1. Pull up the cross-link candidates among the lysines for Lys319, meaning alpha carbon to alpha carbon under 17 Å and not fewer than 8 places away within one chain.
2. How far is it, in nm, from the label point at Ala162 to the one at Ala183 when both lie 7 Å from their Cα along the line to the Cβ?
3. With each pseudo-label sitting 7 Å past Cα toward Cβ, what's the Asp482-Ser251 distance in nm, one decimal?
4. Excluding Thr133 itself, calculate the net charge of residues whose Cβ lies under 13 Å from the Cβ of Thr133, where each Lys or Arg counts +1 and each Asp or Glu counts -1.
5. Could you give the length gained on full extension between Ala192 and Leu469, defined as 0.36 nm per residue of separation minus the Cα-Cα distance, in nm?
6. Tell me, how many Å apart are the Cα centres for region 232-294 and for region 453-469?
7. Starting from the Cα of Lys152, draw a straight line to each of the aspartates and glutamates and keep only those under 20 Å, dropping any in the same chain fewer than 8 residues away.
8. For region 115-271, what Kirkwood radius comes out of the mean inverse Cα-Cα distance, in Å?
Amino acid sequence: MFKILFHKEIAENIHNYRFLLALVLCLVIIPLGFTVSQKDYTARRQAYDETVRDYDQTRATVIDLMSNGGAAFRPPSPLGLLSGGVEAVLPNSVETRGFITESGAEVSFNNTKRLDNPFMSLFGRLDLTFIVTTVLAVLVMIFTFNAVAGEKERRTLAQVMANSVPRPTVITAKMAAGSSLLAAAFLAGMAAGILITVALGQNPFAQPGTLAPFAIGTGVSLVFLLVFYNLGLLVSALTRSSVSAMVALLSVWVALAMILPKGSIVFAKLILPVKSQQVMDLEKSQARLQSDREFYADLGRLTKSTPGIKDMSMDEYFKARRAKNQAVEAFEKVQTERKAEFTARLNTELDKIDAEFERQRGRQAALARNFSRLSSVSCFIHVMAELAGTGFAEESAWRETRSRFKQMLDREIAPMMRMYTFGNVSYGGDRNLDRKAPAPKLPAEPVPLETRLAAVWVDLALLGIYGILFFAGAYVAFLRYDVR
């Protein structure tokens, strides 16, 4: 009986051109999205390679790095065709600010983002996540809005149920047939997209480590379509007409795809407000200025209280220094110790500011993310962004890169510098610097797939739970449905 009903549902969806519509749409929009995304990636990858090559040529030695500044660059994600994620707002590099001194390096993200195509930022990217959550989600509504209510209006459902057909078999056949056709159309579009991009010389798997995330992303997309199909069956089984079913489905889609995801951000900001990045940067600048004022005040007291130094004129001091006067050497040694103390104190204060900001920011983001998980669309978007390497795991790794970059400069460059002060004159410089030493570099390290999956296992589990709950709801609703 299940086989007969399954074939009946397949035939109906083919005869009313729904499957043809789904197939044509998938064969057009998925390859188009892949082609546009890969062209964009190719251009950004070329710009990245040229930037890194120019940087390596101009920062061959330590002295080059100190003169021109240092940087670490973030390569574009090769799987942006799956999801643009937060890549559009991620900085392209982390760079030094000012000079590297014995106090260490000050580094910051480069947040100057040039819009290559403003319309892409205005309307969004045509990536697979957008295609599935918007275009194919609407297609699922067309498949399911009259799956039950429509058959009742045509009175075909009553004829089917007049036979000795178990209701669970009917609803299960509808789900299996419709989701199978959708999956076939979607996989055909994915295959066409891959073939066309490869034929155009834009192989999405040219970079290592891209095939597995792409395959998982394809599987997750199929799961999401099944979840949405089950939701459509549930709404159709809860309504008595095709029109009311379509209106209800559109309302649910708006709530899941727009209201809940965007509302979660507003809700989190209202419950857990966080100071802006600009305010945090201002606090750090004030801490640096205060530390400098305290250091130079302490240095002034040291100069006035050091025997053999306090009564020297500027000329006498530098003459004694050239003569390797022990009092001057002892004075410079104390300066170095005092500067190390103030630097350690300042770094502790800056770390506290960063830690508090990250703690508040993390709590707000976690609240928004947990609230948004009430929507299956949000869960799917989170998963696809992480699989594409454009999600929050990438952002977190990039923040760690900034910390590692600063530690590398503080460890390998700052110890070479020795700056001292006498009166209003600072002197010293790179006496301990090996000018021929190669400049240290920090190569980009991709986030492992295991780390990205660990960040979204809750979303993956919720997608499965939502799919089961929606089908269970449709199952129970159909058992009580009035087919007359």
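1. Lys310
2. In this crude spin-label approximation the distance works out to 3.4 nm.
3. 2.0
4. Details: positive: Arg125; negative: Asp127.
Neighbourhood net charge equals 0.
5. Gain on stretching Ala192 to Leu469: 96.4 nm.
6. Here the answer is 19 Å between Cα centres.
7. Here the aspartates and glutamates satisfying the reach criterion relative to Lys152 are Glu9, Glu12, Asp482.
8. Hydrodynamic radius (Kirkwood, Cα pairs) of region 115-271 is 18.2 Å.
Values in this text are rule-based calculations from the coordinates and carry no lab data. Just so it is clear, the model here is predicted, and its values are computed rather than measured. FYI the Cβ positions are ideal-geometry reconstructions off the backbone, even for glycines, and counts take in every protein chain you see.
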